[in-house]
Amino acid sequence: MRYGQLRQYDIANGEGIRTSLFVTGCTHCCYNCFNEEYQDFSAGKEWTEEDTQRLLSYVVDPSCSGLTLLGGEPFQNVDGLVPLVDRVLEVAPDKPIWVYSGYTYEEILACPHKRQLLERCHILVDGKFVDELRDPGLAFRGSSNQRIIDIQASLVKGKVVLYLE
């Protein structure tokens, strides 16, 4: 897995002060993507055990509200993220994990490989960024087609449960 940046303190990508990991690689190629440089699967640098230790130290910090995964496309980096998320859940089980994706909840749910990551996370911001639907006034998303979903409640109910409108 490769990544573009690891932010210790991020207040833009989820509730509270979060640690954010921007993975690289995305085939959605949304027009006017906020992180176009992270679409390239060879961008950034290779994730290491040292990076894992740094991320874990950020997440366990009492000022950290949780972890956010974005990019790039986290669901095109499942093999690297699942073991990382498992480690985060071991050291900080009460801190929510947000994940941003160009895939919809339904698309992720239909793919057993992608579902592995989904089931470990708490909040999903789903759907491709659509420039024509851009709205800078929206909380935690770029365009009005994107939803903020409570993953665990949705899995229990068998239907999408919105976390924030």
Most exposed to least, judged by fewest other Cβ atoms within 10 Å, Cys64, Cys29, Cys121, Cys111 sort to Cys29, Cys111, Cys64, Cys121
Lysines with Cα under 18 Å of Lys159, excluding same-chain neighbours fewer than 8 positions away = Lys114
What chymotrypsin sites (Phe, Trp or Tyr not before Pro) in the stretch 1-38 are in a loop by DSSP, with at most 16 other Cβ atoms within 10 Å of the Cβ?
-> Tyr31, Phe34
If you compute Rg and Dmax of the Cα atoms in Å for the structure shown, which of [x] 15.1, 43; [y] 14.6, 41; [z] 16.6, 57 do you land on?
-> [y]
Nearest-20 debye value, the stretch 75-165 charge dipole, Cβ charges on Lys, Arg, Asp, Glu = 100
Can you tell me the dipole magnitude for the chain around its Cα centre, using point charges on the Cβ only (Lys, Arg +1; Asp, Glu -1), in Debye to the nearest 20?
-> 280
Relative contact order (%) - the chain, alpha-carbon pairs under 8 angstrom, separation at least six = 19
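Values quoted throughout were computed directly from the atomic coordinates according to the rules given, and no laboratory measurement underlies them. Please read these numbers as outputs of a predicted model, since none were measured by experiment. We place every Cβ from the backbone using ideal geometry, glycine too, and count neighbours over all the protein chains shown.
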